[in-house]
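First up is the structure itself, then whatever we jot down about it.
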Amino acid sequence: MTYGIALTYTLTPRWLALPREERNRMRATHIEPLFTRYADRVTARFFDAEAFSGSFSDFAVLETADLGAYYFLIEALRDTPLIHEGYLILGEVLLGVRDGFQTYERHLAHATATATEADA
């Protein structure tokens, strides 16, 4: 199954107070290599939301078939200065299964076919 994860987060005033050059350096040094390390198992797209929400400033949409890789990515992210120095605060995490009902229906069809064969 493929899981979709919407991860909300807020970049703090402390982050915004940094010069853009420093923000870009930190992103290039800490964030991009981290997502590159997991890119074969977790895809990520990033969205700015501060103009549309007062609850969070940004969100990421991640997709993976490997929840363990997602978990390790988040743990590694927590080890970066963005988190432990208070530049970024993680928010709500929403998890879903892509086409879950279709996967379930295929499972039911397979289970029914297997039970019918066993009865024959």
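Derived scalar couplings between HN and Hα for region 34-40 equal 5, 5, 5, 4, 9, 4, 6 Hz in order, rounded to whole Hz, by the Karplus curve 6.51 cos²θ - 1.76 cosθ + 1.60 (θ = phi - 60°), x for Gly and Pro. Ignoring ligands, DNA and RNA, what percent of the accessible area of region 25-120 is carbon or sulfur (1.4 Å)? That fraction is 57 percent.
Coupling constants for region 92-105 follow from the phi torsions by the Karplus curve (6.51 cos²θ - 1.76 cosθ + 1.60, θ = phi - 60°), and in residue order they are 6, 10, 10, 10, x, 10, 5, 6, x, 5, 5, 4, 5, 5 Hz; glycine and proline get x.
For region 1-77, taking Cα atoms only, Rg and Dmax work out to 13.5, 42 Å respectively. Taking a Cβ cut-off of under 14 Å around R23, the surrounding Lys, Arg, Asp and Glu residues balance to a net charge of -2, with basic ones at +1 and acidic ones at -1. Tell me, what is the percent relative contact order of the chain, built from C-alpha pairs under 8 Å that lie six or more residues apart? The value is 42 percent.
Backbone N atoms of region 4-23 closer than 16 Å to the 7 Å Cα→Cβ label point of D48 belong to residues 9-13, 15-23.
With a cut-off of 15 Å between beta carbons, the residues surrounding D48 carry a summed charge of +2, where Lys and Arg count +1 and Asp and Glu -1. Net charge in the neighbourhood of H84 (other residues with Cβ under 14 Å of its Cβ; Lys, Arg +1, Asp, Glu -1) is -1.
Solvent exposure of the chain, expressed per residue, is 66 Å² of accessible area, with all protein chains present and a 1.4 angstrom probe.
The values are calculated or read from the model by the stated rules, or taken from the named source; none is laboratory data. Since the model is a prediction, treat every value here as computed from it, not as a measurement. Don't worry about glycine lacking a Cβ; one is built from the backbone with ideal geometry, like all the others, and counts go over all protein chains shown. The accessibility values were calculated without ligands, DNA or RNA, using every heavy atom of the protein model including side chains. Shrake-Rupley method; radii C 1.70, N 1.55, O 1.52, S 1.80 Å.
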